[in-house]
Amino acid sequence: MKKFIPAWYVIYTKAKQENKVANQLSEEGTAYLLPKEKVVCQWHDREKITDRPLFPSYIFVLIEDIATFYRVKSIEGVCMFVKFGNEFATISENVINNIRLITCNGSNLSIFSGTLSLGQKITIANGPLCGLKGEIHKVSNRKVVCVRVNLLNRVIFADIPSISLILT
């Protein structure tokens, strides 16, 4: 690592090890974000609502010093820190706050991992997602606000009433 910068970094975990890694991060007092979505699982005799990671195998970790960086890297279940070229991927505090806001307050969340054509830019005027910027995308004749998390090549959809939107 050339020059350490305190920031939110992205770690890639072994498959289905996100909760185990998150527990270890919590035990050592390292701030992290593991956004989850509620999913209905169907068995032959019943249904059960479970939490599933919104970004499978990825956890956002706040690394404030180089010692924490190496400690996190050595946690069982962590494969590597995500890199782009020679640089470690960092996430802005604003994106982290938007992900928290959506996962805590959003309803009817779904994830789309492809790319979208650009639509009308909007700002949400009221409600739990007030202040977020996004774009209108038509899905099943509904207006859906798209908040992009470009780093992971994912787009989060949240159903927002059209009266709550301000076109920009």
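Table for the structure above
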item	result
Solution diffusion estimate, µm²/s, Stokes-Einstein, region 1-108, Kirkwood Rh from C-alpha pairs, 20 °C, viscosity 1.002 mPa s	143 µm²/s
Packing rank of 66-73, 96-103, 23-30, 55-62, where each peptide gets the mean count of other beta carbons within 10 Å, highest leading	55-62, 96-103, 66-73, 23-30
Within the accessible area of region 1-79 (1.4 Å probe), percent carbon and sulfur	49 percent
Listed peptides 43-49, 7-13 by packing density, highest first (mean Cβ within 10 Å)	7-13, 43-49
For ALA89, residues with placed amide H under 5 Å, excluding near neighbours	VAL10, VAL82, LYS83, PHE84
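The values are calculated or read from the model by the stated rules, or taken from the named source; none is laboratory data. It should be emphasised that the depicted structure is a prediction, and the values quoted were computed from it without experimental measurement. Glycine gets a Cβ as well: all are built from the backbone with ideal geometry, and neighbour counts include every protein chain shown. Each accessible area value is taken on the protein alone, full model and side chains, heavy atoms only, with ligands, DNA and RNA left out. Shrake-Rupley method; radii C 1.70, N 1.55, O 1.52, S 1.80 Å.
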